[in-house]
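The block underneath contains the structure these notes are about, expressed in structure tokens.
Quick note: the coordinates plus some simple rules give every number you see, no bench work behind them. The structure presented is a predicted model; accordingly, all values stated were derived computationally and were not measured. Using ideal geometry, Cβ is built from the backbone for each residue, glycine included, and neighbour counts are taken over all protein chains shown.
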């Protein structure tokens, strides 16, 4: 790592750039650079920043991401743009898909852009608009192509989707990166229309709520509930709600379960160990559902433990988590234990 500036409370600008080594079940080991510039650090709750990262993985996945978050007066601009060359696996759609049904690899090139200008009504509440663009070109194998045709699954051809919508949020957290108290709520509603140039007509509603409850000293209980849902005809499977990965429902491979609706609840107990080192114990439950064929099955559970190492005064952490799920072959260590080594908190 390179040196990281820790004089945030004394300067109006600070930055860090560090080499990264990351492991995620979806990408294998990945190597790259990540950094951020922080501006006008006068309020720990409102830190203008420009974050950026590049990574390349052993599974030949590479990505470039840029995330500006700018505060000016009562206005706030959140945006992100990314390009990804992603190697992934299609497991099918629904909450009862098994490994024996389908597990087919594919490769996608993805470009996305999201812009959300917001206006603060008061200290905590903000409202605004949303504009997003998403382009994806998928490289299928003959077996996957046959399966998608047989099951009438959209997403095999290149597609472009752009959406407009509205966003409302509430944020009383005392810190954006490692909160000790406060709440965060955000709801986003978007719509895509072929008459306006989108490849598909669809709506999407995403909402989440986070609560950080101080217990004693630096002991903390945090929990989050999340709901993501889409409606429309011939929605590409890549845009269907899912969970998993390093943030929501750790332990599950991202994309392993997907359908019209994804619901999840997760909680985490955070505790200090020594100096900048902290620990976490976490658990989560969730599932996906279909609007037309709503069926219940055994919910997906995940649980695990982790370590956190703070490396600057903004409380950005390096994070290592190990998690296990209630699905898969219980005798297989590889299938049931997943490791995550990355930066920043899951929520």
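Which FRET efficiency, nearest 0.05, do residue 103 and residue 175 yield, Cβ-Cβ r, R0 45 Å? Intermediate values should be presented prior to the final figure.
On the way: r = 40 Å, r/R0 = 0.89.
Plugging the Cβ-Cβ distance into 1/(1 + (r/R0)^6) gives 0.65.
Hey, in the GNM for the chain with a 10 angstrom Cα cutoff, which one of 65, 259, 321 fluctuates hardest?
65
Run the numbers for residue 294 and residue 112: contour at 0.36 nm per residue of separation, minus the present Cα-Cα distance, in nm. Let's see the in-between values first.
Details: separation 182, 0.36 × 182 = 65.52 nm, distance 3.05 nm.
The residue 294-residue 112 span can extend by a further 62.5 nm.
Compute the relative contact order of the chain as a whole-number percentage, counting only Cα pairs closer than 8 Å that sit 6 or more residues apart in sequence. Mind showing how you got there, number by number?
Numbers: 954 pairs, mean separation 40.3, N = 347.
It rounds to 12 percent for the chain.
Students often check this: by mean Cβ neighbours within 10 Å, which of 106-116, 209-219 ranks highest, and how do the rest follow?
Details: 106-116: 16.7, 209-219: 14.3.
Sorting 106-116, 209-219 by mean packing, highest first, produces 106-116, 209-219.
Measuring from label point to label point, each 7 Å out along Cα→Cβ, what is the residue 276 to residue 218 span in nm?
Taking the simple label geometry, residue 276 and residue 218 are separated by 1.1 nm.
Dimensions of the stretch 156-220 along principal axes (Cα, Å, largest first)?
Between the extreme Cα coordinates on each principal axis of the stretch 156-220 lie 55, 25, 14 Å.
What whole-number distance in Å separates the alpha-carbon centres of the stretch 204-267 and the stretch 276-307?
Distance between centres, Cα-based: 8 Å.
How much length, in nm to one decimal, is gained on full extension between residue 307 and residue 66, taken as 0.36 nm per residue of separation minus their Cα-Cα distance? Walk me through the numbers on the way to the answer.
On the way: separation 241, 0.36 × 241 = 86.76 nm, distance 2.65 nm.
Length gained, residue 307 through residue 66: 84.1 nm.
Highest GNM mean-square fluctuation, the chain, Cα pairs closer than 10 Å: which of 191, 327, 289?
Among 191, 327, 289, the largest mean-square fluctuation in the Gaussian network model of the chain belongs to 327.
Taking 0.36 nm per intervening residue step and subtracting the Cα-Cα distance, what contour gain separates residue 193 from residue 21 on full extension? Write down the numbers at each step before the final one.
On the way: separation 172, 0.36 × 172 = 61.92 nm, distance 4.03 nm.
Roughly 57.9 nm would be gained on extension.
Considering the zone a paramagnetic label at residue 234 would reach in this model (a point 7 Å from Cα along the Cα-to-Cβ line), which residues of the stretch 136-154 have amide N under 19 Å from it?
Counting only backbone N, you get 136-140, 145-154.
Taking only DSSP H segments of four or more residues, each worth -39500 (n - 2.57), what value at 222 nm results for the chain once the sum is divided by all its residues, to the nearest 500 deg cm²/dmol? Write out the running numbers ahead of the final one.
Details: 2 runs with 13 residues, N = 347.
Computed mean residue ellipticity for the chain: -1000 deg cm²/dmol.
In angstroms, what radius of gyration and Dmax does the stretch 184-327 have, counting Cα atoms only?
Considering the stretch 184-327 through its Cα atoms, Rg and Dmax are 17.9, 58 Å.
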